[in-house]
Amino acid sequence: MPHSNKKRICLLLAALLQGSLVPAYADDLAVFDLPLASLLQVDVTTVSRQSETIYEAPGIISVVTRDDIDRYGAISLRDVIGRLPGINLLSDGDFQNDNISLRGDSLYLNNHLLILIDGNPYRSIPGASEPFRNLFNSFPLDVVERVELIRGPGSVLYGANAYTGVINIITVQPTETKQSITVGTGSNNAKFASATSHYYDPDSALGVSLNVSGWDDKGWTATFVDINQQDERVTMGEDFRSIYANIRFHETDFTLNNTNRDSDTLGQRSGFMPGQLEDEQFYVSLTQGFEFNRNWRAKTHGSWINSSVNDSQFDDDEYFLEQTFTGQISDEVEVIFGINTMKTKFVSQADILKSTELDATQVFSQLAYQYDTNTKYVVGGQLNQAQGQKSDFVPRLAVTHQFSDTWGAKLLYSEAYRSPSILETSANIPPVVRGNRELESETVETFELEAFYHDESSFLSLSLYQSKQKNLIAPQFVPADTIFEYQNVDQRLFYGSELTFSHAITNALKIDGSAAYQRNKETSNEDIHDITTLPHISAKLGISYSDEHHRIALWDNYVGDYQSNAAFDASKLDYNPRAKAYHYLTAHYSWRAEARANRANIKDFEFSAFVQNVLDKDIRQNSLTTSTPLNTYPSDTSRALYLSFTLGF
């Protein structure tokens with residue numbers, strides 16, 4: 001769809017919705033009256049596609065709540081994602097803020113993590129980093145209720161790309177009518193603004209959320225030595241515009257999200273120069289629920305995503321349709337089953353990628369048996385058929401057991417798959433890389449064990465995992481043609497442990513944190529340790545205080561030393577400093593007060609200050625791809641301060 005048409009649709013819808021919203025008073029400070037148990041015990045929906053406690057869900061899951069977001073502050077969704085256990089925030093050598101690693105797994109296309117919005121897949125097939133680059137930097141935080149992360153495969157219920165984990169962005173369901181306007185400024189000549197409206201009619205159960213936001217900055221300065229051994233200083237600026245709308249009416253849910261982002265590129269891949277990338281995504285989703293009786297429900301979901309890069313030089317349309325059924329066969333047995341189909345049309349105006357179409361279908365089912373009040377067994381599977389691929393079947397087995405009111409454990413086995421992306425099958429970027437239409441799907445099998453403790457004020461979890469990745473797709477050098485080609489070559493073993501904790505000292509004072517240890521090696525031909533070169537150790541720690549008027553918090557992401565191996569050292573130009581361990585510290589303070597009666601119907605106002613990289617560390621990372629010839633590059637901003645002012649109506 002041409003950009004101008006999409007923008008007209010967004011602006012028209014925004015105008016229609018805005019006209020229907022009426023300001024009214026609502027108490028946003030009720031969170032301070034909640035008991036500790038309510039603050040720490042949150043139901044999740046990602047693992048089984050239905051609400052359940054974090055303790056009985058058949059997966060290792062972490063949650064960032066709305067209260068966490070407000071306490072610790074954030075500029076973008078990426079700041080929030082970076083606080084989740086086992087997550088490392090990365091850049092791929094060209095595009096800033098576009099890559100995420102979970103449990104040491106690292107592919108620059110980011111196609112081992114699946115993104116969901118309200119439980120529905122949000123994909124972009126040509127190069128799967130597009131959702132991360134655009135969505136995580138442009139999606140409005142004001143409409144995010146919480147973020148759930150499954151650490152481990154999720155293909156049984158969600159299909160392709162749910163390979164290493166699943167991130168589910170849960171949006172706000174309005175329960176009252178309120179509006180807010182935020183304006184802000186900050187380092188690197190940043191300017192940003194956001195307007196949010198929530199409308200709720202209790203009589204009709206109609207809820208509407210609308211957000212319009214924008215950001216512009218001149219960028220931080222990345223300093224490095226290029227492939228010609230010349231000193232480079234590249235300004236990494238970006239600007240984005242976003243429009244979000246959601247309508248909920250009984251069992252009907254409609255979502256529209258349009259993001260436009262222009263960002264400077266570092267230009268460290270071979271054959272690329274520093275420049276600017278323009279990308280846009282347009283997402284439309286419609287879900288209709290049905291309740292047959294108190295035991296059986298159904299849900300029909302359809303979505304369309306359009307992604308375009310550099311003014312439609314690349315244009316991708318994905319159509320997704322799914323039908324699911326959930327029911328209770330008896331008091332002890334619950335079941336979910338369904339089918340979905342996906343069609344992708346990719347049009348390229350450039351020679352580096354070929355236009356193509358892909359189709360895929362999945363059939364899935366999961367059964368949960370509550371053996372007694374303390375023990376639950378889960379078994380599930382999914383059959384997948386992607387165009388040009390042989391069918392794949394991936395199972396899930398799980399046992400959850402509560403030893404007492406406070407202690408419990410989970411034993412999990414799951415498999416997942418990933419079909420080749422359009423970039424991997426159709427790329428034609430001499431002398432960098434070319435695609436391969438003979439590629440087969442990747443597979444992974446994972447064993448996990450978790451022990452956890454919880455009471456009214458605390459949660460503690462220790463998990464162990466081992467993942468065997470097979471048939472991995474990676475660029476391999478073809479000497480006869482002097483070019484890299486995507487091939488099924490690697491088999492990798494990942495193993496490690498994770499510790500997560502949260503403790504509410506009082507309703508106002510809270511500490512949160514995690515520590516992760518991972519090791520990995522390639523086992524295809526001979527053992528090559530640290531094949532992804534990502535740090536063995538990472539740790540996160542936050543302390544926050546929040547009362548009726550003040551929020552103050554510190555959050556530290558510690559990232560250990562990046563690793564190396566013979567293959568990495570042989571393929572990289574050792575021109576830049578090695579990527580060392582660092583502490584990425586953020587600080588947040590906000591002051592909030594109710595407004596006196598006024599004609600403008602202003603309810604409250606809030607001043608906020610958020611600081612990134614408080615210690616002003618030089619943050620570098622190893623290059624992620626064979627097509628990035630330098631050993632390391634700068635990957636995040638120097639110290640940056642952002643100030644904002646919010647009016648609530």
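If the chain between LYS343 and LYS580 were fully stretched, how many nm would it gain, using 0.36 nm times the residue separation less the Cα-Cα distance?
Full-extension gain reported as 81.0 nm.
Set the Förster radius R0 to 45 Å, insert the Cβ-Cβ distance between LEU321 and ALA597 as r into 1/(1 + (r/R0)^6), and round the FRET efficiency to 0.05.
FRET efficiency, LEU321 to ALA597: 0.30.
Given contacts defined as C-alpha pairs under 8 Å and at least six residues apart, what's the relative contact order of the chain, whole-number percent?
13
What FRET efficiency, computed as 1/(1 + (r/R0)^6) with R0 = 51 Å and r the Cβ-Cβ distance, is obtained for HIS536 and SER330, rounded to the nearest 0.05?
Once rounded, the FRET efficiency stands at 0.60.
Using C-alpha positions alone, give me the convex hull volume of the stretch 550-640 per residue in cubic angstrom.
About 119 Å³ per residue, rounded to a whole number.
Which aspartates and glutamates, on any chain, are close to LYS390 with Cα under 20 Å apart, when same-chain ones fewer than 8 places away are left out?
GLU357, ASP359, GLU415, GLU424, GLU438, GLU440, GLU442, GLU445, ASP490
Which order do peptides 240-246, 494-500 fall in by mean Cβ count within 10 Å, highest first?
With the highest mean Cβ count within 10 Å placed first, the list reads 240-246, 494-500.
By how many nm would the segment from THR361 to ASP481 grow when fully extended, if each residue of separation counts as 0.36 nm and the alpha-carbon distance is taken off?
39.6 nm
Counting helices only, and only those DSSP H runs with n ≥ 4, report the 222 nm mean residue ellipticity of the chain as the sum of -39,500 (n - 2.57) divided by its residues, in deg cm²/dmol to the nearest 500.
That comes out to -2500 deg cm²/dmol.
How much length is gained if the chain between GLU176 and GLU278 is pulled fully straight, taking 0.36 nm per residue apart and subtracting their Cα-Cα distance, in nm to one decimal?
33.0 nm
What dipole magnitude, in Debye to the nearest 20, does the stretch 563-649 give about its Cα centre under +1 on Lys/Arg Cβ and -1 on Asp/Glu Cβ?
200
What FRET efficiency do you get for THR373 and PHE645 if R0 is 45 Å and r is their Cβ-Cβ distance, rounded to the nearest 0.05?
Using R0 = 45 Å, I get an efficiency of 0.30.
Can you give the relative contact order of the stretch 180-269 as a percent, counting alpha carbon pairs under 8 Å and 6+ residues apart?
Result for the stretch 180-269 is 23 percent.
Please calculate how many Å² of accessible area the chain carries per residue, with a 1.4 Å probe and no DNA, RNA or ligand atoms counted.
Averaged over the residues of the chain, the accessible area is 40 Å².
If we count every other residue with Cβ under 10 angstrom of ASN246's Cβ, Lys/Arg +1 and Asp/Glu -1, where does the sum land?
-1
Mind checking which lysines have their C-alpha under 23 Å from LYS218, skipping anything on the same chain fewer than 8 residues away?
Candidates past the 8-residue exclusion: LYS191, LYS617.
If you take every residue apart from THR500 with its C-beta less than 10 Å away from the C-beta of THR500, what net charge results, scoring Lys and Arg +1 and Asp and Glu -1?
With Lys, Arg at +1 and Asp, Glu at -1, the neighbours total -1.
Given N residues in the chain, what is its alpha carbon radius of gyration divided by 2.2 N^0.38 Å?
In units of the 2.2 N^0.38 Å rule of thumb, it is 0.93.
So how exposed is LYS354, as accessible area in Å² (1.4 Å probe, rounded to 10)?
100
First compute the accessible area of the chain with a 1.4 Å probe, then give the percent of it belonging to carbon and sulfur atoms.
That share works out to 56 percent.
By the scheme Lys and Arg +1, Asp and Glu -1, what is the net charge of all other residues having a beta-carbon under 12 Å from that of ARG437?
So the surrounding residues net to -2.
The values are calculated or read from the model by the stated rules, or taken from the named source; none is laboratory data. These numbers come from a predicted model, not from an experiment. Note that we place each Cβ from the backbone using ideal geometry, even for glycine, and neighbour counts take in every protein chain shown. Each accessible area value is taken on the protein alone, full model and side chains, heavy atoms only, with ligands, DNA and RNA left out. Shrake-Rupley method; radii C 1.70, N 1.55, O 1.52, S 1.80 Å.
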